[in-house]
Amino acid sequence: MSLKDKYAIVGVGYTPQGRVPGRTALSFHIEASANAVSDAGLRRQDIDGLICYRSFPPAPGEYPVTPYLVSQSLGLSPTYMSQDAN
C-alpha cells in the first residue's frame, strides 16, 4: 500500500513523569492521548486510528495497557489499532 497522497494529523500530549502516587499507567495513557487530540485540534469522533508506543510490564495490581483498552477508555472506535516499539 502506498502512502502517497495520504494524510495524518498529529498532536502531542504530555503527562507528569515518574512515580506519581494515585496514578495508573492507563491514566497516563488516557491523559496523554486526550491532550494529543486537543493539541491536534480534533474531537474524539475524528480519530480513526490509534498507535500506542511500547508496552511496559504492568505495575503490581494493574492490567497491561493495550491500544484496545486505551481506545475503549477514551470512547474511541478506531478502524486501525497497533502497538509499536523501536
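Using only alpha carbon pairs under 8 Å that are at least six residues apart, calculate the relative contact order of the chain and give it in whole percent.
Once divided by the residue count of the chain, the mean separation gives 29 percent.
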Q: Between PHE56 and ALA36, with labels modelled 7 Å along Cα→Cβ, what's the label distance in nm to one decimal, could you check?
A: 1.6
**Q.** Stokes-Einstein D for the chain, Kirkwood Rh over Cα pairs, 4 °C, 1.567 mPa s (µm²/s)
**A.** 92
Q. Counting only residues 5 or more places away or on other chains, whose amide H sits under 5 Å from the amide H of MET81 once H atoms are built in the peptide plane?
A. LEU50
Q) Given H placed 1.01 Å from N in the peptide plane, which residues other than close sequence neighbours of LEU42 have an amide H under 5 Å from its amide H? A) none
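Any read-out appearing in this document is the output of simple, stated calculations on the displayed coordinates, not a laboratory observation. Since the structure is predicted, the reported quantities are computational estimates derived from the model, not experimental observations. Counting neighbours? That spans all protein chains shown, and the Cβs are built from the backbone with ideal geometry, glycine included.
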